[in-house]
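Below is one structure; the comments refer to it alone.
The values are calculated or read from the model by the stated rules, or taken from the named source; none is laboratory data. Treat the numbers as computed from the prediction; the structure is a model and nothing was measured. Neighbour counts are summed over all protein chains in view; Cβ atoms, including those assigned to glycine, are modelled from backbone coordinates with ideal geometry.
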Amino acid sequence: MTTDSVAIGTNGQEPSYLEYKGKHKGILGWILSTDHKRIGILYLCSVLIFFFTGVVFGFLMRLELISPGETIVTAQTYNKFFTLHGVIMIFLFIIPAIPAIFGNFFLPILIGAKDVAFPRLNLLSWYLYITGGLLALLSIVMPGGPADTGWTFYIPYSVRTDTNVIYALMAAFILGFSSILTGLNFVTTVHRLRTQSMSWFKMPLSVWSFYATAWVQVLATPIIGITLLLVVIERVLHVGIFDPALGGDPVLYQHLFWIYSHPAVYIMILPGMGIVSEIIPVFAHRTIFGYKFIAFSSIAIALFGSLVWAHHMFTVGMSDAGEFIFSLLTMVVAIPSAIKVFNWTATLYKGSIELAPPMLYILAFIFLFSIGGLTGVMQGVIAIDIQVHDTSFIVGHFHYVMFGGTGFAFFAALHYWLPKMFGHMYNIKRAKIAFWIIFFGFNFLYFPMLIMGWLGMPRRYYDYLPQFHPYHLISTIGSWILILGLIIMFTNFFIALRRGEKITKKNLWGGETLEWQIDTPPTHENFDEIPVVQDYPYVYKDNEIAVEEEKV
Amino acid sequence: LTTQAQVHSTEHVHRDDVGARLGMWLFLFTELILFGGMFLVYSVYRFTHQAEFHIAAKELNTIVGTFNTMILLTSSMTMALSIVAIQRANKRLSIFFQFLTILLAVFFLVNKYFEWSVKFHHGIYPGSETLLNEKSGEILFFGLYYVMTGLHGLHVLVGIILISVMMRFTSKGVIKHDDYIKLENTGLYWHLVDIIWIFLFPLFYLIT
C-alpha cells in the first residue's frame, strides 16, 4: 500500500496513546476511556486472565486422565471442569480474542480512521464482557457449584441439575450482547469510516475477515441469546418450552443451539484467517496471491457456515433428506477454507521467507488447521460421523481447528503487533524457543485424542478402559509441554514490557498496511493527517528476487 | 466521510447520522432474529400440536387483543408525527406527540396487565396445576404466549423509558430540527416493537 505523504505519523512529536492525558487520570483513564486502542488493551488484559483460567481447568482435566479410575477428582467435579473449560475458552477467550483485542486496536488504524463508529458503545461492550466473565466465575464459588452440563447446556439435563446453570446461561447471554455490540460497531465502522480513498478492494484482508465476522456476530448471536434465555425462563418459571416433561422438544433446543453455535465456529476462525492473510505477505516478502478470492472466501464462509448447523446432530434423528443436505453443505463450506489455504501456500511459493516468530506461528497455523479441517470434512460424511460422534476424535478435531487455528493465529498476532502496541521488543530467540515447545506440546496433547477417539474412547468421560492408557498418558505429558511453552512465551512478553528494548521505529517488519506508517506506539489520534491510499495492500515493489526469478 | 472529525474524537464526538442509522438498523436485525427464534419455536410446535393449539387459542380474548393492536398502531403514528414536528422545528408539538406515544404505550401495558390477571385468576399460568393437567400442546401454547408477549411487553417498557429520555433531550434542545437522529432511531425502535406485535396478534389471537 502506498500513500502520497511519506510521514503520516507525528515522528514522535505527540505523546503516545499510553501517555496521553485525557479527562481522567490513573486507572480511570483506562476504564472510562473510549479510545479504541485503550479498550483493545483492556480486552487484552481481561481475555488473557480468562485464558489462563481456562488453561488451568484444561490442565486439571488432563491430570485426572493420566491414569484410569479416579485420580485427582470425582466424576462430578470432572464434569464441572470440562463445562468451565468449555464455557471460558469459547465465550471468554476464542470468540472475543482476535476481534475484541486486535480488531479494536487495529481495525480503525488499518482503514485510516481515528476511532470506531460508536466509541461509547465499544466501552459498554467491554463492561458487558467483564460482567459476563465475572458471572461465569461467580458460579464456581456460589453454593451448588459451577454447571456440569457441558458448554452445550443440553436439555433436559440443564433444567434438572442442581448446579448453578443459571449463572453460566446468563453469563453466555450477556457475553452474546457484548459480542453483538462489537460486531455492530465493526460493520458500521467499515462502512462509514474508511478513509476516503480506500475502496472495498483496497482494504487489508484482515479488515475483510473482521467485517465478515462482524456480520456473523450480528446475525447469529441473537439466536443463542433467546435460546439460553428460554432455558433460564424454563428453569426459573417452569414454562413449558423444551423440557419433554412439559411437552417440549429437546431436539428443537439442539437445533436452536447449533444455529448459533456452528456459525460461532466461524466467528472464531475467520479473524484468525485474517491474521494469516495479513502476516504471510510481510514475511514471505511477496504480494498476497488471489486477494479477491481470499476476500470473497471470507464472505462465503460466513454465508455457508450459517447453513450447516445440523451436522452436529446426525445421531439425534433427522429425515434422510435433512441429513443429505447438511452433509453436502458441510463439505461445501470446506471449499472456501481450502481456497484460503491454497492462496496462502501460493503466496509462500518463490517468496523469500523470513522465519520470524509471527511467521512461525502462521506456518504452524496452516499445518494444524489443515489437519483440523480435514478431520472436520471426514465428520461431514454421515457414516463416519455416527462412528466418531461424541468420541475424543471430535475433541482432537476441534482443538486442532480452534487452538491450532485461532489460538496460533492469536499468538502470531501477539508477536506481530505487541511491539507496535507497547513500543517494546521481545526477545526473538526466546520467542522461537517457546514456539517450538508449544508446537510439539500441542501435537503430543491432541494427536493421541484423534487416534483413541477413532478406537472408541468417548469424550467427557473421567475414566477409561486400560487399552486407552498409553494415549492418555502421552496426551497428559503433552499438556505439560504445552503449558511450559506458554509460560515461556508469556514470560517473554512480560519481560519485554517491563525492561525490553524500547523501540520507536515505525515499520518493524516491513509491512505495507497503514499501522506501520504511524508512530510506535501510536498517538492518541492515530494519524497526524488522514492518509490517502493509492494502491491495494500487499504490493511488494521492492521484492526483486521473486520478480526476477519469475522472468527466468 | 466528510463528517469525520479531524480532532480529538473523545472530546468532540463526531457526528455521522447515516452511520448512526446504519447501526440502529443492525440492532433492529438482531431484535428481529431474537424474536425470530421464538417464532421458529412457535411454528414448530404449532405444526406438531395443531389441535391443541387450536383449542388453547380460543381461551384468549380477541377483543382485548384487537384493542391493544389499535393502541400500538396509533402510538406508532404519534411517534412518526413527533419526528415530523421536530423536522419542522416545532419543539412543543414534538414533545406533545412523544408524550402521547408514552401514554398509549402505558395503556397497552395496563390492558396487558388485566388480560394476564384474568388468565392467572383462571389458574392458567406457568407451572400451575390447572395448566399441567392439560395436554402438552396447551402447556406449550400458554408457555409461548407468556414468554413472547412478556418479552414484547418488556420491549414496550424499554420504549417508554427511551421516549421519556428523548422528551427530556427535546426540551433541553439536544434534539433539534437539524439534529434529530436520536429521536429518529427511537422511532425506528418503536416501530419494531409495533411490527412484532403485528405478528404476535394474529398468531395467538386470530388463528383459532
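Test A:Ile280 against the criterion of being in contact with a Gly (Cβ under 9 Å, 6 or more places away or on another chain) and either within 14 Å of chain B (Cβ to nearest Cβ) or farther than 20 Å from A:Asp385 by Cα (or both), and give yes or no.
Here the answer is yes, as A:Ile280 does meet what is asked.
How many residues are of a type in the set (S, T, N, Q) and facing chain A (nearest Cβ under 10 Å) if we restrict to segment B:45-57?
Residues meeting the conditions: 1.
Take the residues of segment B:35-44 that are facing chain A (nearest Cβ under 7 Å) and in contact (Cβ under 8 Å) with a residue 24 or more places away in the chain: which is farthest from A:Asp243 (Cα to Cα)?
B:Met38
If you check B:Ser136, B:Ser128, which single one turns out to be over 25 Å from B:Leu72 (Cβ atoms), among the hydroxyl-bearing types (Ser, Thr, Tyr), in contact (Cβ under 8 Å) with a residue 60 or more places away in the chain and surrounded by 14 or more Cβ atoms within 10 Å (Cβ to Cβ)?
B:Ser136
Evaluate the following for A:Phe289: is it modelled with pLDDT of 90 or more, assigned to a loop (DSSP other than H, G, I, E, B) and either out of contact with any Cys (no Cβ under 9 Å at 6 or more places or on another chain) or surrounded by fewer than 24 Cβ atoms within 10 Å (Cβ to Cβ) (or both)?
It is true that A:Phe289 is modelled with pLDDT of 90 or more, assigned to a loop (DSSP other than H, G, I, E, B) and either out of contact with any Cys (no Cβ under 9 Å at 6 or more places or on another chain) or surrounded by fewer than 24 Cβ atoms within 10 Å (Cβ to Cβ) (or both).
Can you report the number of residues in segment A:217-242 which are among the small types (Gly, Ala, Ser) and within 17 Å of B:Tyr125 (Cα to Cα)?
1
Among the residues of segment A:230-255, which ones are within 21 Å of A:Asp162 (Cβ to Cβ) and touching a residue at least 40 places away in the same chain (Cβ under 8 Å)?
Scanning segment A:230-255 gives A:Val231, A:Val232, A:Glu234, A:Arg235, A:Val236, A:Phe242, A:Asp243, A:Pro244, A:Ala245, A:Gly248, A:Pro250, A:Tyr253.
Among (1) surrounded by fewer than 20 Cβ atoms within 10 Å (Cβ to Cβ); (2) away from chain A (no Cβ under 14 Å); (3) touching a residue at least 60 places away in the same chain (Cβ under 8 Å), where does B:Trp25 come up short?
It is condition (2) that B:Trp25 fails.
Please give the number of the condition A:Gln254 fails out of (1) in contact with a Leu (Cβ under 8 Å, 6 or more places away or on another chain); (2) more than 15 Å from A:Leu348 (Cα to Cα).
Condition not satisfied by A:Gln254: (1).
Restrict the check to segment B:107-115 and report whether at least one residue is surrounded by 21 or more Cβ atoms within 10 Å (Cβ to Cβ) and either touching a His at 6+ places or on another chain (Cβ under 7 Å) or hydrophobic (A, V, I, L, M, F, W, C) (or both).
yes
Check off (1) surrounded by 24 or more Cβ atoms within 10 Å (Cβ to Cβ); (2) out of contact with any Leu (no Cβ under 7 Å at 6 or more places or on another chain) for A:Thr163 and give me the number that stays unchecked.
Checking A:Thr163 against (1) surrounded by 24 or more Cβ atoms within 10 Å (Cβ to Cβ); (2) out of contact with any Leu (no Cβ under 7 Å at 6 or more places or on another chain), the one that fails is (1).
Tell me, which helices (runs of 4 or more DSSP H) wholly within segment B:42-141 include 3 or more residues that are over 30 Å from B:Val165 (Cα atoms)?
Passing ranges, in order: B:50-57, B:91-121, B:129-132.
What is the number of the single condition among (1) surrounded by fewer than 23 Cβ atoms within 10 Å (Cβ to Cβ); (2) more than 14 Å from chain B (Cβ to nearest Cβ); (3) among the hydroxyl-bearing types (Ser, Thr, Tyr) that A:Ser261 does not meet?
A:Ser261 satisfies every listed condition except (2).
Give segment A:96-134 a look and list any residue that's free of Cβ contacts under 8 Å to residues at least 60 places away in the same chain and among the polar types (S, T, N, Q), or say none.
Within segment A:96-134, A:Thr131 is the sole residue that qualifies.
Which is more than 30 Å from B:Glu129 (Cβ to Cβ), in a helix (DSSP H, G or I) and aliphatic (A, V, I, L, M), of A:Ala245, A:Ala220?
On inspection, the qualifying residue turns out to be A:Ala220.
Quick check on segment A:156-167. Is at least one of its residues away from chain B (no Cβ under 14 Å), under 20 Å from A:Ile49 (Cβ atoms), free of Cβ contacts under 8 Å to residues at least 60 places away in the same chain and assigned to a helix (DSSP H, G or I)?
Among the residues of segment A:156-167, at least one is away from chain B (no Cβ under 14 Å), under 20 Å from A:Ile49 (Cβ atoms), free of Cβ contacts under 8 Å to residues at least 60 places away in the same chain and assigned to a helix (DSSP H, G or I), which makes the answer yes.
Can you tell which of A:Asn104, A:Asn122 is polar (S, T, N, Q), in contact with a Phe, Trp or Tyr (Cβ under 8 Å, 6 or more places away or on another chain) and closer than 19 Å to A:Leu32 by Cβ?
A:Asn104
On the given criteria, is A:Val239 at negative phi, in contact with a Gly (Cβ under 9 Å, 6 or more places away or on another chain), within 12 Å of chain B (Cβ to nearest Cβ) and at pLDDT below 95?
Answer is yes for this residue.
Return yes or no: is A:Leu205 farther than 24 Å from A:Ser261 by Cα and either touching a Ser or Thr at 6+ places or on another chain (Cβ under 7 Å) or facing chain B (nearest Cβ under 9 Å) (or both)?
In short, yes.
Given the conditions (1) crowded, with 23+ Cβ neighbours inside 10 Å; (2) among the aromatic types (Phe, Trp, Tyr); (3) more than 11 Å from chain B (Cβ to nearest Cβ), and given that A:Tyr253 satisfies all but one, which numbered condition is not satisfied?
(3)
Which condition from (1) within 26 Å of B:Glu134 (Cβ to Cβ); (2) at pLDDT 95 or above is the one that B:Thr101 breaks?
(1)
Answer yes or no: is there a residue in segment B:184-205 that is part of a helix (DSSP H, G or I), touching a Phe, Trp or Tyr at 6+ places or on another chain (Cβ under 7 Å), within 13 Å of chain A (Cβ to nearest Cβ) and of a type in the set (A, V, I, L, M).
Yes, segment B:184-205 contains a residue that is part of a helix (DSSP H, G or I), touching a Phe, Trp or Tyr at 6+ places or on another chain (Cβ under 7 Å), within 13 Å of chain A (Cβ to nearest Cβ) and of a type in the set (A, V, I, L, M).
Considering only residues that are in contact with a Leu (Cβ under 6 Å, 6 or more places away or on another chain) and within 14 Å of another protein chain (Cβ to nearest Cβ), look in segment A:118-139 and name the one that is surrounded by the fewest Cβ atoms within 10 Å (Cβ to Cβ).
Step by step, filter segment A:118-139, then rank; the result is A:Leu121.
Can you pull out the residues in segment A:455-482 that are touching a residue at least 24 places away in the same chain (Cβ under 8 Å) and within 27 Å of A:Leu363 (Cα to Cα)?
Matches in segment A:455-482: A:Ile474, A:Ser475, A:Thr476, A:Ile477, A:Gly478, A:Ser479, A:Trp480, A:Ile481, A:Leu482.
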